[in-house]
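Data block below; observations after.
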Amino acid sequence: MNLRTAFSLIMTISSAAAWTASNTSCQSKTQKTALFGTPANLIDFAKYEGLGNDFVLIDDRDKADPSLTPEQSVGLCNRNFGIGGDGVIFALKAPSDDYDFTMRIYNSDGSEPEMCGNGIRCFAQFLSDLGEDAKTYRINTLAGPIIPEMNDDGTITVDMGEPELVGSKVPTTLASNADGDSVVEQTLECNGKTWKVSAVSMGNPHAIIFVDDLEKDIDFESDGPALESDPAFPQKTNVEFVQVMSPTHLKMKVWERGAGPTLACGTGTCALVVAAIRAGKIPRGDKTRVTLPGGDLFIEWRESNNKIYMTGPATFSFQGKAALK
């Protein structure tokens, strides 16, 4: 697909007003002009970001499947010839009474991840702005049920569930070297270097690597994609490079599977806190502040139920209409 001709974009910038249900229909009687296109070619969208991890949100609450193809989503995510974003998120109807809604995502390369931590916070804020006035939402995802909670201070806390630690279920082919057939700082040769890799799944795979200095110890643009596609991770992997700042503060850079370098990764933040605790880098019990390029998330791995809770912001940016060709 030639991205120069794939999309023409008409955006209505609105940094102050929230997305409302009245904006959700693209069936208005728009005249067939060169500027506005035909109604059949228009799709309404809203743009949100969670610490700079930005997404195009589509209201498909009356549908069971996304209204766009992966290829169309790639075009929307293009920052020169589309809207721009790390992915397109679809708000779909629930498959059963056990859920309120379904979330599906297409990455900027057209691949479909199981879940996205920053994405689900944006998803919850999108639902709230659409008028779905609830304190919590039961969201069906490819990684299983996820429950975001809207906080009074404007942040969103997400029950991310329990981490998967069994190496073969992450999945990784790295040899298990810790309790429960898990992988903790196992040796991996990749990109001409020797790494100590911990493997954790939060419904999607993560390779966590601890370094002394994030600026000096890695070649991010080279090491990131090499590790993402290393054969030790048969479904590819997200890659988190982590520096321990204190017992309650970690700093990280992320190379996301299917998206490359992003300013934040919610599932990765959860995974690296688990990895840090299991590797003895930090204690378990307190909330951990994780500093990402886009800002801070706060993670708690509770011993009472083994679940991980992530707290952070989700912010509306603008809304508009995209003309699909």
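The values are calculated or read from the model by the stated rules, or taken from the named source; none is laboratory data. Predicted model only: the values in this text are computed from it and were never measured. Positions of Cβ are generated from backbone atoms using ideal geometry, with glycine treated the same way; all protein chains shown enter the neighbour counts. Only protein heavy atoms, including side chains, enter the accessible area calculation; ligands, DNA and RNA are left aside. Shrake-Rupley method; radii C 1.70, N 1.55, O 1.52, S 1.80 Å.
General remarks:
- The listed residue being of a type in the set (Phe, Trp, Tyr) and closer than 21 Å to ALA314 by Cα, out of PHE81, PHE123: PHE123
- Residues that are open to solvent by 70 Å² or more (accessible area, probe 1.4 Å), polar (S, T, N, Q) and over 30 Å from LEU92 (Cα atoms) do occur in the range 159-172.
- Considering ASP152, ASP181, the condition of being modelled with pLDDT of 95 or more and either in contact with a helix residue (DSSP H, G or I) (Cβ under 6 Å, 6 or more places away or on another chain) or more than 25 Å from PHE298 (Cβ to Cβ) (or both) is satisfied by ASP181 alone.
- ALA178 being in contact (Cβ under 8 Å) with a residue 12 or more places away in the chain and crowded, with 20+ Cβ neighbours inside 10 Å: no
- Matching residues, the range 205-228, being open to solvent by 40 Å² or more (accessible area, probe 1.4 Å) and in a strand (DSSP E or B): none
- Strands (runs of 3 or more DSSP E) wholly inside the range 229-318 that include at least 1 residues being open to solvent by 40 Å² or more (accessible area, probe 1.4 Å) and under 27 Å from GLU189 (Cβ atoms): 238-246, 249-256, 260-262
- Taking the conditions (1) open to solvent by less than 50 Å² (accessible area, probe 1.4 Å); (2) part of a loop (DSSP other than H, G, I, E, B) in turn, ALA124 satisfies each one other than (2).
- Residue within the range 100-110 that is surrounded by 15 or more Cβ atoms within 10 Å (Cβ to Cβ), over 17 Å from the mean Cα position of the chain (by Cα) and among the aliphatic types (A, V, I, L, M) present: no
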